[in-house]
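These notes are about the structure you will find just below.
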Amino acid sequence: MVEKKKKQFRPKARLPKGLIDVYGAEVRALARMLDRVRGVYDLYGFEPLETPALEYTDALGKFLPDVDRPNAGVFSLQDDDDQWMSLRYDLTAPLARFVAQNYDALPKPFRRYQSGPVWRNEKPGPGRYRQFTQIDADTVGAPPGAADAELCMMAADCLEALGIPRGGYVIRLNNRKLLDAALAEIGITGGEDDPQRLTVLRAMDKLDRLGETGVRLLLGPGRKDESGDFTAGAGLDDAAIDKVLAFLGAGGGSADETLARLGAAVGGLEIGAEGINELRMMAELFAAAGYGPDRIAIDPSIVRGLDYYTGPVFEAELTFEARSEDGQLIRFGSVGGGGRYDGLVARFKGVQIPATGFSLGVSRLYAALEALGKVETGAGDAPVIVLVMDREHMGRYLAMAAELRAAGIRAEIYMGASGVRAQMKYADKRGAAVVVMEGEDERGRGEVTLKDLVLGAEKSSEITDNEAWRSGAAAQIAVKRDELVAGVKSILQRTAS
RNA sequence: GCCGCUGUAGCUCAGUAGGUUAGAGCGCCUGAUUGUGGAUCAGGAGGUCCCUUGUUCGAAUCAAGGCAGCGGUACCA
């Protein structure tokens with residue numbers, strides 16, 4: 001090496017922006033949550049599927065990397081044969097690829113569920129990361145109606161399985177055909193990439209966030225936000241804006257009432273009548289299955305992205321509110337959604353294969369459950385710690401840990417090099433409920449000392465003077481060596497209750 | 001991408017009429033306690049004051065440029 005003198009390169013220990021580590025109790029809680037949702041999907045008969053994180057970019061969709069910005073939106077890299085691959089940005093595109101590739105062998109309709117991380121190369125925000133987990137269920141090869149209705153009901157079941165009470169959420173349902181009809185009513189009949197059409201749809205989508213005044217501006221001349229940035233509007237006249245807002249506000253009350261109002265607004269057009277029929281069919285199924293408007297409601301202001309949806313679209317929204325640590329009001333809003341996409345598989349096969357799906361966003365749901373106090377704490381997660389009082393008796397400690405494990409109790413021996421004080425601190429930091437000690441004294445008496453760390457912590461709040469602290473063997477008991485397991489069990493039981 | 005705000009210890013933040021050795025709380029480490037976490041007390045470690053250039057006898061402080069973070073907005077399959 002030429003430069004022998006100084007400056008060895010040390011990488012900075014850091015994470016790329018928008019990515020996070022998850023550790024310990026949170027990993028457990030997330031896993032339990034995913035299991036709950038998977039359990040519901042499984043009960044409905046969906047079959048699990050796993051696909052790789054990487055796909056060929058052209059198989060994922062329209063986001064072909066261009067030379068200037070190969071990573072716009074997606075993370076992409078080139079294989080040795082120069083083909084572009086990308087990290088999946090959702091679980092639907094890989095599903096379409098899988099179905100197209102294995103179409104002949106699959107049962108039709110094909111029903112699968114899948115969970116896993118997806119990646120989007122976008123600006124991260126609060127609660128918004130560049131890697132996040134989704135859990136999806138899709139039915140491919142079923143016509144509009146029952147398959148879509150089933151997903152709405154299953155979405156409601158999932159939220160309840162996670163402990164969100166009825167009334168704390170609502171599945172909002174709409175139909176893209178109604179949106180198309182509403183646009184036609186105000187004279188926007190341009191195709192998919194008519195810029196005015198896109199602007200109007202985007203404005204409609206923002207009703208929940210910006211309110212009627214904001215949407216009115218976006219539909220008309222444009223809107224200036226609080227930072228002073230200006231967003232161009234759609235330039236509609238007042239009559240058209242009134243029509244759009246009337247359409248958006250057609251929800252509320254019973255399904256019949258909503259459908260009647262929608263019929264008046266857009267039922268005159270063929271596409272509108274078709275959308276209303278699909279919704280009516282679904283509403284009848286909800287009623288038959290006992291899912292009232294408190295759980296699934298028709299709401300014309302649901303837009304759901306702009307792209308591949310072709311029929312019913314729906315969103316799972318949490319309606320309860322919580323306060324953050326600093327007293328700010330948090331609204332959780334949409335935690336998942338889905339809808340019908342009849343064109344996705346056709347990209348590969350050329351033939352139209354109808355499909356409908358639902359996707360839950362896991363981290364948002366988790367944050368909401370945390371605020372609701374519905375995260376399962378997983379008591380007993382922390383292991384019992386066997387202290388190493390005399391290093392030459394390590395074998396005895398190994399035997400104790402083995403006995404505890406044989407009884408199904410998570411147990412570990414302190415593996416560090418430090419003294420008892422540090423070992424206690426270690427047990428505390430790990431959240432252990434029990435510490436097992438056997439020093440010379442105990443060994444002589446054929447006993448072990450069990451310390452109840454939870455009880456100890458409770459007592460410490462009563463301790464005011466140094467004397468009491470010093471004598472502090474309060475929260476520990478001695479048991480016979482052969483009663484180790486029973487003794488630990490009784491402390492764990494007390495702690496759990 | 002656009003607009004705004006902010007960058008000082010691991011964390012939360014004080015610190016300007018530019019002036020010795022840059023502070024606090026929490027956390028961390030050590031001791032009081034030769035076998036004991038959490039209370040208390042005493043001590044300690046920890047900083048390129050985001051980076052670069054400039055103004056100045058002198059810059060955490062002033063100026064310009066850059067970078068990063070946060071908030072809003074746009075986009076979002």
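Among the residues of the range A:246-268, how many are surrounded by 17 or more Cβ atoms within 10 Å (Cβ to Cβ) and not charged (D, E, K, R)?
Residues flagged as surrounded by 17 or more Cβ atoms within 10 Å (Cβ to Cβ) and not charged (D, E, K, R) within the range A:246-268 amount to 11.
Right, A:D138: in the same structural domain as A:V345 (by TED's automatic domain parsing), under 22 Å from the mean Cα position of the chain (by Cα) and buried (at least 19 other Cβ atoms within 10 Å of the Cβ) or not?
Yes: the conditions hold for A:D138.
Considering the range A:25-66 alone, what residues qualify as being more than 15 Å from A:L162 (Cα to Cα), away from RNA strand B (no atom under 14 Å from the Cβ), among the small types (G, A, S) and at pLDDT 85 or above?
If the condition is that a residue be more than 15 Å from A:L162 (Cα to Cα), away from RNA strand B (no atom under 14 Å from the Cβ), among the small types (G, A, S) and at pLDDT 85 or above, then A:G45, A:A53 are the ones that fit.
So which residues in the range A:368-397 are outside any loop (DSSP other than H, G, I, E, B) and within 30 Å of A:G336 (Cβ to Cβ), if there are any at all?
Selection gives A:A368, A:L369, A:E370, A:A371, A:L372.
Since A:G141 meets every condition but one in (1) out of contact with any strand residue (DSSP E or B) (no Cβ under 7 Å at 6 or more places or on another chain); (2) on the phi > 0 side of the Ramachandran plot; (3) away from RNA strand B (no atom under 16 Å from the Cβ), which condition does it not meet?
Single failed check for A:G141: (1).
Taking the conditions exactly as written (more than 12 Å from RNA strand B (Cβ to nearest atom), assigned to a helix (DSSP H, G or I) and either modelled with pLDDT of 95 or more or out of contact with any Phe, Trp or Tyr (no Cβ under 9 Å at 6 or more places or on another chain) (or both)), does A:M400 satisfy them or not?
Considered against the rule, which asks whether it is more than 12 Å from RNA strand B (Cβ to nearest atom), assigned to a helix (DSSP H, G or I) and either modelled with pLDDT of 95 or more or out of contact with any Phe, Trp or Tyr (no Cβ under 9 Å at 6 or more places or on another chain) (or both), A:M400 comes out as yes.
Name the pairs: first residue in the range A:439-460 and modelled with pLDDT of 95 or more, second residue in a loop (DSSP other than H, G, I, E, B), Cβ to Cβ under 6 Å, at least 6 apart or on different chains?
If the second residue must be in a loop (DSSP other than H, G, I, E, B), the pairs left are A:V448/A:E438.
Just to be sure, is A:G408 exposed (fewer than 14 other Cβ atoms within 10 Å of the Cβ), more than 15 Å from RNA strand B (Cβ to nearest atom) and under 36 Å from the mean Cα position of the chain (by Cα)?
yes
Give me the residue from the range A:229-243 that is small (G, A, S) and either closer than 21 Å to A:G337 by Cβ or modelled with pLDDT of 90 or more (or both) and, out of that set, nearest to RNA strand B (Cβ to nearest atom).
Residue satisfying both the conditions and the ranking: A:A240.
I'm trying to understand the selection: among the residues of the range A:9-38, which are in contact with a helix residue (DSSP H, G or I) (Cβ under 7 Å, 6 or more places away or on another chain) and not aliphatic (A, V, I, L, M)?
The answer is A:R36, and nothing else.
Condition test on A:T356, is it closer than 27 Å to A:A203 by Cβ and modelled with pLDDT of 95 or more?
yes
So which residues in the range A:411-438 are surrounded by fewer than 16 Cβ atoms within 10 Å (Cβ to Cβ), on the phi < 0 side of the Ramachandran plot and in contact with a Leu (Cβ under 9 Å, 6 or more places away or on another chain), if there are any at all?
Passing the criteria: A:V420, A:D428.
Take the residues of the range A:197-228 that are of a type in the set (D, E) and more than 11 Å from RNA strand B (Cβ to nearest atom): which is nearest to the chain's Cα centre (by Cα)?
A:D208
In the range A:174-208, which residues are at pLDDT 85 or above and outside any helix (DSSP H, G or I)?
Correct list: A:N174, A:N175, A:I186, A:G187, A:I188, A:K206.
Find the residue count for the range A:440-464, including only residues that are more than 6 Å from RNA strand B (Cβ to nearest atom) and β-branched (V, I, T).
Selection size over the range A:440-464: 3.
Does A:F132 meet the test of being in the same structural domain as A:I298 (by TED's automatic domain parsing), assigned to a strand (DSSP E or B) and out of contact with any Lys or Arg (no Cβ under 6 Å at 6 or more places or on another chain)?
Yes, satisfied.
Can you list residue pairs whose Cβ atoms sit under 9 Å apart, with the first residue in the range A:348-362 being touching a residue at least 60 places away in the same chain (Cβ under 8 Å) and the second being aromatic (F, W, Y) and part of a strand (DSSP E or B)? Count only pairs 6 or more apart in sequence or on different chains.
Hits for this filter: A:A355/A:F110; A:F358/A:F314; A:G361/A:F132; A:V362/A:F132.
Identify, from the list A:M389, A:M437, A:M424, the residue that is of a type outside the set (V, I, T), within 11 Å of RNA strand B (Cβ to nearest atom) and in contact with a Ser or Thr (Cβ under 7 Å, 6 or more places away or on another chain).
A:M437
Of the conditions (1) touching a residue at least 12 places away in the same chain (Cβ under 8 Å); (2) under 29 Å from the mean Cα position of the chain (by Cα), A:E160 clears all except one; give me its number.
(1)
Between residues in the range A:409-426 that are under 26 Å from A:Q493 (Cα atoms) and residues that are of a type in the set (S, T, Y), which pairs lie under 6 Å by C-beta distance while being six or more apart or on different chains?
A:I413/A:Y397; A:Q423/A:Y414
Answer yes or no as to whether A:A289 is surrounded by fewer than 19 Cβ atoms within 10 Å (Cβ to Cβ) and in the same structural domain as A:A155 (by TED's automatic domain parsing).
Criteria met by A:A289.
The values are calculated or read from the model by the stated rules, or taken from the named source; none is laboratory data. Note that the structure is predicted; figures quoted are calculated from it, not measured. Positions of Cβ are backbone-derived with ideal geometry, glycine not excepted, and every protein chain shown enters the neighbour counts.
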